[in-house]
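Take a look at the structure below.
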Amino acid sequence: MGHVERIMAGCAGLVLIAVGASAGPIEVQNPDGARLEKDVVVFWGQAARDEAVRRGVPLVTRFDGRDAVLVGFRGALPLYDADANLIAASTSNVDALWPSGSLGRSLDGLGVRIGQWESSVARSTHQEFAGRYVALDASAPSNHASHVAGTLGATGVDPSARGMASSAQITGRTLDGDTFEMGVDAGDGMRLSNHSYGRFAGFTTNTLGQIFWLGDWTVSPFEDYQFGYHDERAQAFDQVIYNNSGLLSCVAAMNERNDTGPAPGGQWFFRDLLDIAPDEDWILSTNPAPQMQSAIDGGYDTITAQGSAKNVLVVGAVEDVLVADPDPWDIVSAPFSGWGPADDGRIKPDIVANGVGVYSAISTADDAYDTSDGTSMATPTVTGGVALLLEQWRIENSVDPLASTMKAVLLHTTIEAGSADGPDYRFGWGLFDAASASGVISQDVVRPWTIQERTLLDSETIEIPLIADGGELRVTVVWTDPAGTPAPTSVDPTDLMLVNDLDARLIEDEGPGVYFPWRLDPDAPAAAATRGDNFRDNVEQLDGDFSAGELLTLRIDHKGLLSDGQQTFSLVVTGASPGAQRLYVDADRPGGNGRSWAAAFDDLQDALFFASTAPVDFYEIWVAEGTYVPLFPIDGSDFRTASFLMTPNARVYGGFSGTESQRSQRDPSRYL
């Protein structure tokens, strides 16, 4: 059954209406946008719009007082979409987790608290969340805050407006003092926060049609430096999350990509930063205006302030996805959604969700609703969906996950978007897929190596042997990085904000292959991702196709010195099972815990004893060249009969110099 048919069966949020269309044979204008379903040609996307023009069918109309947009044709029948929270839920498969959902999870956010920060609060008496929404700050309610609250957790009195987590508790605050309050609320047990607001930059237009430029012309009269700039707001968000490692904060990518500046010779205003005109905040100008950001960078570099923070989850917006298993080209960026990179080249946004024509609660009455566009609408879809995943995690685990763990799960399981494999600066790591994320959390119950939280010490290398299941093997590493120091104010400073630079590599044990993580090039923002050393992001993802049974090693280490001498990280691995755990022995080392050559045991018997007592099925013990003396005589005190006490769960390999990373590199004829 197609995606539209599935929605038809389960919700009233999608309106399918026949509008007088001419009869006659169907001509496929765009084969890439047409599909044959049950002997009927179905048009989507541009093919549908072309077909509408051919048939004289309107692209936009109104039904029941709501905008209806043509999304496709089934045969001669035009299909119109009146969007709703239900469609946002379906686009990211959040509805699959609901009590009525296809996965049978029966999740609704019960017991999960979401903190919502806005310029104002929601209407707490609205029928969709009355009794579950508490305003902690005094403010008049707004449509925007109510709309976001509805997407987070509307009960579904109006089924089309049902929120993602219909039983979650929501606490509303105004954005003044947000980072301080986030720390307070996290200390009180809050694990999720939503921030559907951000910094205006570039051009803006008031209700009178007057155009204002919000940049600092003392920094640059040509471009607003705020785009992509990792400022003190971004630093503050990074710091509060670093201090409260269980808090995942979802932040809107903002809507600055389609800003419009003045026509040539037109009037525009700029800030009077040097008191040129006393008692005036703005100066009128008809001089050539600064360039629109979209004209400077082709739509890239249009994220601001906390949208460039490292430790948050930045959410971009896409249009409805109306197929059940979308291909990358089925996922279309909303025309307003902010694109990365951050000025230092980091990948932003992190993830995308539906943010176009979202139908939800508003503040004008307890039963009022309306449709809105924006990354503000996409962000609560993700936050509310994560509330369900957190509820599931608590059912299956006794301790809440780190924020980096939930972020790793989300980025590990996105649906591919964009024109090439891997991340990009438009969609980040891809489309939020709550069903796949839920599957990985469940998989960890029966394959407990799937999700791990570990700590890397200064100068340490962690090596994890893996056996490929066959097919795609994917590894995602995420860490909450210490807050960086903003660069001096300028346009596009390239100063790196990453403090602790962890590195992940996949190494084939019996071959020459070394697999590097995805990375992007900020100097070519539209270019496809490549694989190499990622020295910018606190996310590293590696993947590849491997034969079943192939042996690999996942190596995680770091550059330079680690702040505080260590870095906790989260790891997600799918497509592999644990291989033999490895212990290292080197007589020339001072003696350590055996987890790397640098920390090798200095005595073989120590490694054998450790293997015999550790709760691991099997060990490989790699022994560097040197002299090793057994200490346990078989015949009383006669040390001439001494031998090493072997253990059945260990296999010993010699022939190493003490630097190898692959077993195939050993040379027993040389290193004795």
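Pairs only if they're at least six apart or on different chains, beta carbon under 9 angstrom, first in the stretch 151-163 and at negative phi, second open to solvent by 40 Å² or more (accessible area, probe 1.4 Å) and aliphatic (A, V, I, L, M); list them, first residue then second.
Short answer, once both residue conditions are applied: Thr155/Ala130; Asp158/Ala12; Pro159/Ala12; Ser160/Ala12.
Looking at (1) at negative phi; (2) without any contact (Cβ under 8 Å) to a residue 40 or more places away in the chain, which is the only condition Ile114 fails?
(2)
What number goes with the only condition from (1) open to solvent by 10 Å² or more (accessible area, probe 1.4 Å); (2) closer than 24 Å to Ser376 by Cα; (3) over 19 Å from the mean Cα position of the chain (by Cα) that Asp275 does not pass?
The failed condition is (2).
Is there a residue being of a type in the set (S, T, N, Q) and surrounded by fewer than 19 Cβ atoms within 10 Å (Cβ to Cβ) anywhere in the stretch 292-302? Let's see the steps before the verdict.
If we filter the stretch 292-302 for residues that are of a type in the set (S, T, N, Q), which is where we start, we get 293-294, 302.
Those still in the list that are surrounded by fewer than 19 Cβ atoms within 10 Å (Cβ to Cβ) too: none.
Looking through the stretch 292-302, none of the residues is of a type in the set (S, T, N, Q) and surrounded by fewer than 19 Cβ atoms within 10 Å (Cβ to Cβ).
Pick from Arg595, Arg640, Arg582: which is touching an Asp or Glu at 6+ places or on another chain (Cβ under 6 Å) and not aliphatic (A, V, I, L, M)?
Sole residue among the options that is touching an Asp or Glu at 6+ places or on another chain (Cβ under 6 Å) and not aliphatic (A, V, I, L, M): Arg582.
What strands (runs of 3 or more DSSP E), lying completely within the stretch 621-667, carry at least 1 residues that are open to solvent by 40 Å² or more (accessible area, probe 1.4 Å), touching a Ser or Thr at 6+ places or on another chain (Cβ under 8 Å) and free of Cβ contacts under 8 Å to residues at least 12 places away in the same chain?
632-635
Kindly indicate the residue of the stretch 112-140 that is among the β-branched types (Val, Ile, Thr) and either within 18 Å of Val386 (Cα to Cα) or open to solvent by less than 50 Å² (accessible area, probe 1.4 Å) (or both) and also farthest from the chain's Cα centre (by Cα) among those meeting that condition.
My answer is Val121.
If you go through the stretch 167-186 one residue at a time, how many are out of contact with any helix residue (DSSP H, G or I) (no Cβ under 6 Å at 6 or more places or on another chain), in a helix (DSSP H, G or I) and either surrounded by fewer than 17 Cβ atoms within 10 Å (Cβ to Cβ) or at pLDDT 95 or above (or both)? Steps first, answer last, please.
From the stretch 167-186, those out of contact with any helix residue (DSSP H, G or I) (no Cβ under 6 Å at 6 or more places or on another chain) are 167, 169, 171-172, 174-178, 180-181, 184-186; that's our starting set.
Within this subset, residues satisfying the condition of being in a helix (DSSP H, G or I) are 178, 180-181, 184-186.
Then drop every residue that is not either surrounded by fewer than 17 Cβ atoms within 10 Å (Cβ to Cβ) or at pLDDT 95 or above (or both), which leaves 180-181, 184-186.
Count: 5.
For residues that are modelled with pLDDT under 95 and more than 12 Å from Thr574 (Cβ to Cβ), tally how many sit in the stretch 434-456.
3
I need the full set of residues from the stretch 90-105 which are of a type in the set (Gly, Ala, Ser), assigned to a helix (DSSP H, G or I) and either at pLDDT 90 or above or more than 22 Å from the chain's Cα centre (by Cα) (or both), in order please.
Ala96
Take the conditions open to solvent by less than 10 Å² (accessible area, probe 1.4 Å) and not acidic (Asp, Glu) and apply them to Leu502. Does it pass?
When the stated conditions are applied, Leu502 passes them.
Note down all Cβ pairs under 8 Å where the first residue falls in the stretch 204-220 and is over 13 Å from Trp282 (Cβ atoms), the second is assigned to a strand (DSSP E or B) and at pLDDT below 85, and they're at least six residues apart or on different chains.
From residues that are over 13 Å from Trp282 (Cβ atoms), the pairs are Asp216/Arg271.
Against the conditions (1) modelled with pLDDT under 95; (2) within 26 Å of Gln306 (Cβ to Cβ), where does Val318 fall short? Just the number, please.
Unmet condition: (1).
Among what's in the stretch 571-606 and is in contact (Cβ under 8 Å) with a residue 60 or more places away in the chain and of a type in the set (Asp, Glu), pick the residue that is surrounded by the most Cβ atoms within 10 Å (Cβ to Cβ).
Asp586
Filter the stretch 87-112 down to the residues that are closer than 15 Å to Gly153 by Cβ and among the small types (Gly, Ala, Ser) and list them by number.
Ala88, Ala89, Gly109, Gly111
Taking the stretch 363-383, which residues are open to solvent by 20 Å² or more (accessible area, probe 1.4 Å) and either in a loop (DSSP other than H, G, I, E, B) or within 16 Å of Val251 (Cα to Cα) (or both)?
Thr364, Ala365, Asp366, Asp367, Asp373
So that you can scan it fast, the table gives a plain yes or no per residue for (1) within 24 Å of Ile395 (Cα to Cα); (2) in contact (Cβ under 8 Å) with a residue 24 or more places away in the chain; (3) of a type in the set (Lys, Arg); (4) touching a His at 6+ places or on another chain (Cβ under 7 Å):
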position: Asn93; (1), (2), (3), (4): yes, yes, no, no
position: Ser106; (1), (2), (3), (4): yes, no, no, no
position: Leu110; (1), (2), (3), (4): yes, yes, no, no
position: Glu118; (1), (2), (3), (4): no, yes, no, yes
position: Glu128; (1), (2), (3), (4): no, yes, no, no
position: Val134; (1), (2), (3), (4): no, yes, no, no
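Test Asp158 against the stated conditions and say whether it is acidic (Asp, Glu), surrounded by 20 or more Cβ atoms within 10 Å (Cβ to Cβ) and more than 24 Å from the chain's Cα centre (by Cα).
yes
The values are calculated or read from the model by the stated rules, or taken from the named source; none is laboratory data. Everything numeric in this text was worked out from a predicted model, so none of it was measured. As a convention, Cβ positions derive from the backbone with ideal geometry for all residues, glycine included, and neighbour counts pool all protein chains shown. Protein only, heavy atoms only, side chains kept; ligands, DNA and RNA dropped before computing areas. Shrake-Rupley method; radii C 1.70, N 1.55, O 1.52, S 1.80 Å.
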